[in-house]
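Only one structure is covered here, and it is reproduced in the block below.
The values are calculated or read from the model by the stated rules, or taken from the named source; none is laboratory data. All values derive from a computational prediction rather than experimental measurement. Every residue, glycine as well, gets a Cβ built from its backbone with ideal geometry; the counts of neighbours run over all protein chains shown. Ligands, DNA and RNA are excluded from the accessible area calculation, which covers all protein heavy atoms including side chains. Shrake-Rupley method; radii C 1.70, N 1.55, O 1.52, S 1.80 Å.
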There are 4 protein chains.
Amino acid sequence: MPGNSFGHSFRITTFGESHGPAVGVVVDGCPPGIPLAEEDIQRELDRRRPGQSLITSARHETDVAEILSGVFEGVTTGCPIAILVRNEDARSRDYAAIKELFRPGHADFTYLAKYGVRDYRGGGRASARETVGRVAAGAIAKKILGYEGVSVIGYTCQVGDVKMPAMERVTLEQVEANPVRCPDPETAAAMEKLIMQVRSERDSIGSAVEIVARGVPAGLGEPVFDKLKADLAKALMSVPAVVGFEYGSGFASVTRRGTQHNDPIIRRQTGSGGAPVIGTRTNNAGGILGGISTGEPIVVRVAIKPTASIPQPLETVDTQGNPQTITTKGRHDPCLAPRFVPIGEAMVALVLADHLLRQRSIRGTE
Amino acid sequence: MPGNSFGHSFRITTFGESHGPAVGVVVDGCPPGIPLAEEDIQRELDRRRPGQSLITSARHETDVAEILSGVFEGVTTGCPIAILVRNEDARSRDYAAIKELFRPGHADFTYLAKYGVRDYRGGGRASARETVGRVAAGAIAKKILGYEGVSVIGYTCQVGDVKMPAMERVTLEQVEANPVRCPDPETAAAMEKLIMQVRSERDSIGSAVEIVARGVPAGLGEPVFDKLKADLAKALMSVPAVVGFEYGSGFASVTRRGTQHNDPIIRRQTGSGGAPVIGTRTNNAGGILGGISTGEPIVVRVAIKPTASIPQPLETVDTQGNPQTITTKGRHDPCLAPRFVPIGEAMVALVLADHLLRQRSIRGTE
Amino acid sequence: MPGNSFGHSFRITTFGESHGPAVGVVVDGCPPGIPLAEEDIQRELDRRRPGQSLITSARHETDVAEILSGVFEGVTTGCPIAILVRNEDARSRDYAAIKELFRPGHADFTYLAKYGVRDYRGGGRASARETVGRVAAGAIAKKILGYEGVSVIGYTCQVGDVKMPAMERVTLEQVEANPVRCPDPETAAAMEKLIMQVRSERDSIGSAVEIVARGVPAGLGEPVFDKLKADLAKALMSVPAVVGFEYGSGFASVTRRGTQHNDPIIRRQTGSGGAPVIGTRTNNAGGILGGISTGEPIVVRVAIKPTASIPQPLETVDTQGNPQTITTKGRHDPCLAPRFVPIGEAMVALVLADHLLRQRSIRGTE
Amino acid sequence: MPGNSFGHSFRITTFGESHGPAVGVVVDGCPPGIPLAEEDIQRELDRRRPGQSLITSARHETDVAEILSGVFEGVTTGCPIAILVRNEDARSRDYAAIKELFRPGHADFTYLAKYGVRDYRGGGRASARETVGRVAAGAIAKKILGYEGVSVIGYTCQVGDVKMPAMERVTLEQVEANPVRCPDPETAAAMEKLIMQVRSERDSIGSAVEIVARGVPAGLGEPVFDKLKADLAKALMSVPAVVGFEYGSGFASVTRRGTQHNDPIIRRQTGSGGAPVIGTRTNNAGGILGGISTGEPIVVRVAIKPTASIPQPLETVDTQGNPQTITTKGRHDPCLAPRFVPIGEAMVALVLADHLLRQRSIRGTE
């Protein structure tokens, strides 16, 4: 089983390399009857696109999405939705020089070890450009979730040592108000300053992104391997440069006592009808108990490594194993969090849409 | 697609509840011709078993594994290996009192939200007892890996604030030398002391486990969703009580620069034959680049929340939504890391065995 | 991906060999809240069991089903249902003589070619005994279908040249009224006579079984690869000895004209509510159009080869390739259709239950 | 799990509707290092294309294949191969008239029953045009098989009552020598005459196609559900208009005795090396025993119903359930076998390539 598909009831398959003719995705399992236009997808692609600001890569891609199938008279038909994005600004000459070299922090030598051949142009399939298909599919997932009252929002919560304070409820407007995608304006300014400084030093910096899903009904997530926390972890860890995942209290739980960590269970007054709506007073569990959603906000965080491509000489070897020095000349973001935000949101939305449909099989007729 | 199976080429399906007749696993895809006996499985089950020491639960389960199929004349046949473990010490009376109550930190109300019914006896399917099947299957995975020169070893690296110092190469003997499964004797003593103290305070404590796989050949892991890091994250996050995952530098990468984080690529002198064996001087990447193994040790860490079941009154509601107080009376470990160690090793071994077989499809005839 | 699982939303995994400790099945994805007892399963197993009459094998297996998990207080919980059947009358001595020989018409040398080892006792995993797990799982599928008003009934429609006449609506009582499981008493008598004669000649005879599912709602089946006709074909062709599959007019369509074959579309008067219920006047399509159920009865037929094991000397070679003669001494049915009937019903029920649950994901909330 | 993907280790996902912007396929799991050019794919697409002769549809599609990914410097990289074919001659006006009508023999009302919406233009996703992606993927599968010495060839073996005589070894040249794709020239002439007559009567006729795979190594096919016979049945039954499947003696086995049907096992003199190469003297088993390939030619046959679209008034209802008459005006083949031949070959090749790669996981390192 090759690894280019994700999800079960809502399932995507991505294709395409950084410098080939195109990248894209086939979305299978989208419910019929959902209004869908290319603009719905374009909006999210534009958030992911390089060249948005000084702190992101200067590579220019207009990234125009074309829907090839699965939509008729403006609504989804239940058939596979194929979305195509042509590659435009693929300067292969930037990469010819590194054909025989392995870039540190990149997948160059592992792809060669795996396949015996590799597309050396800009990382080929290992390039973050592959995520175009994920973001396009995520836009559809968000539409499905929207009908169920579920929202997914991500933001940069840390760059180097600059951390965002706790915020009650973050809005898309707050996130999109600045190029680092941190909803707190002061922190955003400090992050931006740090990123510009790191760039001037020809270096890069690590970062963290938090993603919150609200309105998720209780009961999503499949025991025992496809727990919501497990599928969210896989989804987010499958994105290039992500090196850690946690939800709720996460790694902070290591130093905590059970008396501090257990969330008291309460009856929520916000419920409709006679049946009690159960919730928790605190949310150390990050909206997930036993791998299944509680109805409380789902809160996840990922750690993102500093960009591997930096314009400095690095120690490496060539394909014959001879020691060499390599200096990446491509155009790269010094910090990955800002452009990761829409990708991370997409991955969370894909997991939730999939589990929403899976849950329908279980209790669909009640 | 229900969620009780894991893996593709090497695929397991677990079944069973905490207080039902039995738990078990069906292992499908095990290569033929591998010597396998019940003792191979028993050895690992005995490490997972409760009642091993004062710091673990007093529940007594002999946990005897019976191989029902897939092994003939002492070797695997390539057919499914079903392994059965009968439940013995299932004191259902302990749990009858909580039939109408939701335990904080447990899956009680999320299972009810998901299925509309629940097996309230000891967590039912959500109980950590489900991991018996995983550990049994992991024992087989370890045998497959052993033939390829791959070892997997885990250990408790942190309990509360007590952290283990860095160690070069940990042995199974060091790990099994003490009940907390920390290879450093001094740290182990401090951890044990802390756990005993927490228990005396009728509380529980969080912890962390590190797992290292050595000898993994370069090239394992499938782009793009089934990256090794993604599948390892899913595997470990699917275990009850695990709330965070990282590999290599993990969350520490957030505050790092690219110049610090990139591992220089080198030619390893340990290679055989004429072809260069590539490696990295440092291992911030935790043995994985682009989601594919580098040949360096794979290093992962998980955060484990403090045990939810603690013998103190906790705030909750009953199934009608009325406020109630609940005091768990069952027998539970105050710290989960020690018994998690064999479970975590099993999950890592399952992922690696699966990817080893998957890689054979790709380059099997070369 | 090994091949011991079947289905997606309703998914089964079977295990076990003819002469090992046990055979069984894990059923994953069964909806919660369905009353289920061991008798529900036993009833179907008893229909499959050898030794029912003079025309079936004399092997005595009581085939007692034990439910190991997934059922609590008499109803399904949504968790995997593991069912175990111990092997009792496994006379391994019957088979030791053929350890070094390949039986014609059996999987002996293909298993060896595949795995390099084989369990030579009674066919091992290739034995029809593996279908015990399928029949047990099929009993659960039938219960799910029953709640939706779907019935599945199979019967022997041909043995050698003895063919059953067309019958309007066959009942289980008619089928079970005689040992050949042919609902027409006269045909049944002729079939039985033929089978007894074939047995007296130390030979075996081919046969055909027809299976009809009534009450299947329109809309089941997934374009384009998981069409209902494709999944039914796979399900039935996966049973040992089945060598052909057709639905509706099937192979008779080859000599027909379009004007004869197209079923006129009509409005059925049996519909409730204002919306028209569409049907077809004839049912050459066998209840399936475009791979999706029409609401008309689903009608499939399979061809079953004559039993391979016959008590006559057959030409073969041994494992060293030397010419040999082999005479099967085991106890075998001279005609396979009668005992295939419950197996075929089970396979059809498994496919329909799976597609019923899959359809819920598509239109679950309407 | 939606149904637009097929295969496990070699896995395809098709997309596209008859009258949408494009049809295509993503091929995942193709081994790296295989030379592949667009001409390899084009050659097969040209065989499937309409408008090839008087006996096929007059619809003109140049069907130009574009490879979007997965091939670099002329060889496959191991990454997904996306292939795009734009729709050109999509005369939607032909179909607007039937927007409110259900065509007999078509999926119109079943798609509506399934999804609640439908793309009424030319069958949409249910159109045989979807098979473009299968044929494109099959071209790649054939290349993989070619390296292993496996050939796959299909031909029209029956049209109405006109049957082809048995032939020893059919060549591609013989098949492509006439528009009906029957390798026997005399039969081909008779078939062509019958088809022209049927067309002149504004009718259509049923047909049968036989497909033979030679050089398949013994050992392919997975017990127990993914038997080679089961996967071949599913693959071929998933093609529109296929209503029956058999292999080897197939339905003729129903009237046979075991003494006639069992193939004597022999040592083949054609083997290399010291180990005996096992074969069978006859091939009633169609190259498959226990669901696993024997090394003998794999022989399968399918029944194809007469084309549903015929230029005559047919009885139907509209979407409100009112009785109506419909006369299909589109351009359609009066007999489907000739153009089915490359589709059937593709499906067989896809199954064999998948099982070839799956078998590598099992015995990849021996």
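For the reader, a short list of remarks on this structure follows.
- Residue in the range D:77-89 that is most open to solvent (accessible area, probe 1.4 Å), counting only those that are modelled with pLDDT of 95 or more and closer than 24 Å to D:PRO50 by Cα: D:ARG86
- Residues (touching a helix residue (DSSP H, G or I) at 6+ places or on another chain (Cβ under 6 Å) and assigned to a helix (DSSP H, G or I)) located in the range D:357-366: D:LEU357, D:ARG360, D:SER361
- Test: residue in the range A:189-196 that is touching a strand residue (DSSP E or B) at 6+ places or on another chain (Cβ under 6 Å) and within 13 Å of another protein chain (Cβ to nearest Cβ): yes
- Yes/no for A:VAL216 being under 21 Å from the mean Cα position of the chain (by Cα), β-branched (Val, Ile, Thr) and within 12 Å of chain B (Cβ to nearest Cβ): yes
- Residue that is surrounded by the fewest Cβ atoms within 10 Å (Cβ to Cβ) [pool: residues in the range C:153-202 that are acidic (Asp, Glu) and under 23 Å from C:LEU350 (Cα atoms)]: C:GLU173
- Considering D:ASP333, D:ASP354, the condition of being of a type outside the set (Val, Ile, Thr) and assigned to a loop (DSSP other than H, G, I, E, B) is satisfied by D:ASP333 alone.
- Some residue of the range D:277-288 being surrounded by fewer than 23 Cβ atoms within 10 Å (Cβ to Cβ), of a type in the set (A, V, I, L, M) and closer than 21 Å to D:GLN158 by Cα: no
- Scanning the range B:231-256 for residues that are among the β-branched types (Val, Ile, Thr) and at the interface with chain A (Cβ under 7 Å from one of its Cβ atoms) yields B:VAL243, B:VAL254, B:THR255.
- Residue within the range D:155-171 that is out of contact with any strand residue (DSSP E or B) (no Cβ under 8 Å at 6 or more places or on another chain), assigned to a strand (DSSP E or B) and within 14 Å of another protein chain (Cβ to nearest Cβ) present: yes
- With respect to the conditions (1) over 30 Å from B:TYR120 (Cβ atoms); (2) more than 7 Å from chain A (Cβ to nearest Cβ), B:THR259 falls short on a single one, namely (2).
- Selection status of A:ALA308, of a type in the set (Gly, Ala, Ser) and either buried (at least 23 other Cβ atoms within 10 Å of the Cβ) or within 29 Å of the chain's Cα centre (by Cα) (or both): yes
- Of everything listed in (1) in contact with a helix residue (DSSP H, G or I) (Cβ under 9 Å, 6 or more places away or on another chain); (2) more than 15 Å from A:GLY20 (Cβ to Cβ), the single unmet condition for A:ALA113 is (1).
- Within the range C:108-147, the residues that satisfy the criterion of being open to solvent by 10 Å² or more (accessible area, probe 1.4 Å) and more than 30 Å from D:VAL216 (Cα to Cα) are C:LYS142, C:LYS143, C:GLY146, C:TYR147.
Results for (1) under 18 Å from the mean Cα position of the chain (by Cα); (2) within 14 Å of chain C (Cβ to nearest Cβ), shown as yes or no for each residue.
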site: D:PHE6; (1), (2): yes, yes
site: D:ARG11; (1), (2): yes, yes
site: D:PRO21; (1), (2): no, no
site: D:VAL25; (1), (2): yes, yes
site: D:ASP28; (1), (2): no, yes
site: D:GLU38; (1), (2): no, no
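For (1) open to solvent by less than 10 Å² (accessible area, probe 1.4 Å); (2) within 17 Å of D:GLY105 (Cβ to Cβ); (3) more than 9 Å from chain C (Cβ to nearest Cβ), each residue gets a yes or a no:
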site	(1), (2), (3)
D:GLN312	no, yes, no
D:GLU315	no, yes, no
D:THR328	no, yes, yes
D:CYS335	yes, yes, yes
D:GLU345	yes, no, yes
D:ARG360	no, no, yes
D:ARG363	no, no, no
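- Cβ-Cβ contacts under 9 Å between residues 6 or more apart (or on different chains), taken from a first residue in the range C:95-123 that is more than 7 Å from chain D (Cβ to nearest Cβ) and at positive phi to a second residue that is of a type in the set (D, E, K, R) and assigned to a helix (DSSP H, G or I), are listed as C:GLY122/C:ASP94; C:GLY122/C:ARG129; C:GLY123/C:ASP108; C:GLY123/C:ARG129; C:GLY123/C:GLU130.
- Odd one out for B:VAL300 among (1) more than 7 Å from chain A (Cβ to nearest Cβ); (2) open to solvent by 10 Å² or more (accessible area, probe 1.4 Å); (3) not charged (D, E, K, R): (2)
- In the range B:219-230, residue farthest from D:GLY29 (Cα to Cα) [restricted to those that are of a type outside the set (Lys, Arg) and within 7 Å of chain A (Cβ to nearest Cβ)]: B:ALA230
- Residue that is open to solvent by less than 30 Å² (accessible area, probe 1.4 Å), modelled with pLDDT of 90 or more and under 30 Å from A:TYR111 (Cβ atoms), where the choices are D:GLY33, D:GLY105, D:GLY29, D:GLY74: D:GLY29
- Within the range D:269-286, residues that are modelled with pLDDT under 80 sit with their Cβ atoms under 6 Å from residues that are surrounded by 10 or more Cβ atoms within 10 Å (Cβ to Cβ), at 6+ positions apart or across chains, in these pairs: D:GLY271/D:VAL277.
- Residue match in the range C:127-145 (condition: more than 8 Å from every other protein chain (Cβ to nearest Cβ), part of a loop (DSSP other than H, G, I, E, B) and touching a residue at least 12 places away in the same chain (Cβ under 8 Å)): yes
- Evaluating C:ILE211 against the criteria (1) of a type outside the set (Lys, Arg); (2) open to solvent by 10 Å² or more (accessible area, probe 1.4 Å); (3) in a strand (DSSP E or B) leaves one unmet condition, (2).
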